[in-house]
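> Handing you a structure now.
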Amino acid sequence: MGGDEQKYVQKAFDTNWIAPVGENIQLFEEALCQYTGARYALALNSGTAAIHLALILLGVGYGDEVIVPTFTFSATINPVIYQGAVPIFVDSERESWNICAKEMACAIESRLSLGHHPKAIIIVHSYGQSAHLPDLMALADQYHIPVIEDAAEALGATFQGRKLGTFGKLGILSFNGNKIITTSGGGALLCDDQILLERARYLSTQSRDPAPHFQHSEVGYNYALSNVLAGIGLGQMEVLQERVRQRRAVFAFYQQAFSDIEAISFAPELEFSEGNRWLSCILVNEKTSGGITRETLRLALERELIEARPLWKPMHRQPVFQQFPYFGSQHVAEELFNRGLCLPSGSNLSEEDLNRIVALVRGVFGKGA
């Protein structure tokens with residue numbers, strides 16, 4: 001927490017606005033617009049809710065196909081299934097670890113050849129690193145497919161100086177407890193279309209019709225963010241840039257500390273982009289590591305009560321999604337999963353914490369302090 005969160009939360013209590021209505025929500029949405037450059041923002045109770053609403057706004061329904069990256073968290077894919085739609089999984093590129101434009105073009109052409117025109121594309125900026133937006137957006141424009149930009153992990157990151165989450169027709173943010181800033185649980189939908197935004201707001205509040213009684217002409221959702229949690233968000237927005245600086249500093253610390261270990265490489269950063277380094281991610285090259293694997297390293301840290309996690313397991317390899325089409329000739333996402341590890345990356349890591357982690361990793365590789 002940054003310090004002012006309690007002030008805004010107390011205001012919600014003092015004014016007795018505890019429900020998903022109140023000034024904190026309005027101010028939080030305004031702060032998100034000011035920071036990202038989006039014209040409109042809708043505060044919601046999760047990033048997953050934001051993706052679900054985005055799909056509904058684009059008319060995605062039963063049997064429709066949605067192009068999605070395989071290298072992501074399941075929350076990107078679950079709303080596609082909520083709508084009865086079909087996820088078409090696409091592999092990553094090595095340059096950004098995000099969805100590959102060449103493989104995406106193959107996927108689109110293949111689906112078109114079968115008479116299926118994809119209804120939407122979801123682009124994810126994994127671990128706070130921008131996808132290769134020029135090529136991806138050009139493809140989307142070429143085939144007239146609207147883009148949902150999942151920037152759940154990428155708040156504060158930029159491409160060509162522009163904030164991620166503002167390139168697609170609709171953008172997604174997450175403020176879950178593990179994100180770079182948090183509202184405990186929460187998310188937001190970004191867009192430049194007021195009609196779409198108001199439609200999303202209507203759907204997110206149970207689709208209540210304008211009537212003196214409770215009347216509903218269509219199915220709605222309980223997706224609004226509470227005024228209390230929006231107060232936490234307001235306080236967090238005040239320290240967002242500092243959190244980005246801290247995360248990037250943690251990444252730089254690891255990068256310098258392991259610079260002499262040939263078997264360790266780091267998550268890339270595209271030219272003209274600046275990631276928020278939400279998580280510090282490495283790859284372990286078994287060919288030069290002397291047999292040390294990602295799992296060797298993870299277990300060594302675990303024995304010292306230090307948590308590290310593998311990178312995302314590809315969605316097309318998940319039991320719940322393995323029946324859906326996949327396009328990937330190089331199997332990059334699978335390689336990332338097999339070789340990749342997320343190191344401790346919290347904004348509140350002390351120098352002592354970092355030195356302890358580094359010493360353990362260096363020890364596994366037989367390197368001194």
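> Considering only the stretch 250-277, state which residues are crowded, with 19+ Cβ neighbours inside 10 Å, more than 19 Å from residue 93 (Cβ to Cβ) and polar (S, T, N, Q).
The one that is crowded, with 19+ Cβ neighbours inside 10 Å, more than 19 Å from residue 93 (Cβ to Cβ) and polar (S, T, N, Q): 276.
> Restricting to the stretch 333-357, name every residue that is in contact with a strand residue (DSSP E or B) (Cβ under 9 Å, 6 or more places away or on another chain) and either among the basic types (Lys, Arg) or surrounded by 20 or more Cβ atoms within 10 Å (Cβ to Cβ) (or both).
Scanning the stretch 333-357 gives 333, 336, 339, 340, 341, 343, 345, 357.
> Still on this model: Just checking, does the stretch 47-57 include any residue being surrounded by 16 or more Cβ atoms within 10 Å (Cβ to Cβ), at pLDDT 95 or above and of a type in the set (S, T, N, Q)?
Filtering the stretch 47-57 down to residues surrounded by 16 or more Cβ atoms within 10 Å (Cβ to Cβ) leaves 47-57.
Filter once more, so that each one left must be at pLDDT 95 or above: 47-57.
Next, from what is left, pick out any that are of a type in the set (S, T, N, Q): 48.
Checking the stretch 47-57: at least one residue is surrounded by 16 or more Cβ atoms within 10 Å (Cβ to Cβ), at pLDDT 95 or above and of a type in the set (S, T, N, Q).
> Here's something else I'd like to know. Considering only residues that are free of Cβ contacts under 8 Å to residues at least 60 places away in the same chain, surrounded by fewer than 18 Cβ atoms within 10 Å (Cβ to Cβ) and closer than 24 Å to residue 281 by Cβ, which ones fall in the stretch 63-113?
Hits for the stretch 63-113 are 78, 102.
> Yes or no: residue 280 crowded, with 16+ Cβ neighbours inside 10 Å, touching a Ser or Thr at 6+ places or on another chain (Cβ under 7 Å) and among the hydroxyl-bearing types (Ser, Thr, Tyr)? Before you say what the answer is, go through the steps one by one.
On the way: crowded, with 16+ Cβ neighbours inside 10 Å: yes; touching a Ser or Thr at 6+ places or on another chain (Cβ under 7 Å): yes; among the hydroxyl-bearing types (Ser, Thr, Tyr): yes.
Yes.
> Residues of the stretch 290-300 being in contact with an Asp or Glu (Cβ under 8 Å, 6 or more places away or on another chain) and surrounded by 19 or more Cβ atoms within 10 Å (Cβ to Cβ), which ones?
292
> Spot the failing condition for residue 177; the list is (1) at pLDDT below 95; (2) touching a His at 6+ places or on another chain (Cβ under 8 Å), and only one is missed.
(2)
> Scanning for something under 10 Å from residue 65 (Cα atoms) and within 17 Å of the chain's Cα centre (by Cα), does the stretch 101-124 turn up at least one residue?
Yes: one or more hits.
> Taking the condition of being of a type in the set (A, V, I, L, M, F, W, C) and assigned to a helix (DSSP H, G or I), how many residues in the stretch 1-29 meet it?
So the count comes out to 6.
> I would also like to ask the following. Of everything in the stretch 312-347 that's of a type in the set (S, T, N, Q) and without any contact (Cβ under 8 Å) to a residue 60 or more places away in the chain, which residue is nearest to residue 279 (Cα to Cα)?
Per the stated criteria, the residue is 338.
> Can you tell me which of (1) over 12 Å from residue 49 (Cα atoms); (2) touching a strand residue (DSSP E or B) at 6+ places or on another chain (Cβ under 9 Å) is the one residue 181 doesn't meet?
Answer for residue 181: the failing condition is (2).
> Do we have any residue at all in the stretch 306-328 that's surrounded by fewer than 16 Cβ atoms within 10 Å (Cβ to Cβ) and farther than 27 Å from residue 75 by Cβ?
No, that holds for no residue.
> A further question on this structure: Could you tell me whether any residue of the stretch 208-219 is buried (at least 19 other Cβ atoms within 10 Å of the Cβ) and assigned by TED's automatic domain parsing to the domain that holds residue 155?
For the stretch 208-219, residues buried (at least 19 other Cβ atoms within 10 Å of the Cβ) and assigned by TED's automatic domain parsing to the domain that holds residue 155: absent.
> Now for a different question. Which residue is surrounded by the fewest Cβ atoms within 10 Å (Cβ to Cβ), if the candidates are limited to the stretch 158-204 and must be among the hydrophobic types (A, V, I, L, M, F, W, C) and in a loop (DSSP other than H, G, I, E, B)?
Looking at the filtered set, the residue picked out is 167.
> Being assigned by TED's automatic domain parsing to the domain that holds residue 179, touching an Asp or Glu at 6+ places or on another chain (Cβ under 8 Å), surrounded by fewer than 24 Cβ atoms within 10 Å (Cβ to Cβ) and of a type outside the set (S, T, N, Q) is true for just one of 125, 132, 144. Which residue is that?
Going through 125, 132, 144 in turn, just one is assigned by TED's automatic domain parsing to the domain that holds residue 179, touching an Asp or Glu at 6+ places or on another chain (Cβ under 8 Å), surrounded by fewer than 24 Cβ atoms within 10 Å (Cβ to Cβ) and of a type outside the set (S, T, N, Q): 132.
The values are calculated or read from the model by the stated rules, or taken from the named source; none is laboratory data. Computed from a predicted structure; not experimentally measured. A quick note on method: Cβ atoms are made from the backbone with ideal geometry, for glycine too, and the neighbour counts reach across all protein chains shown.
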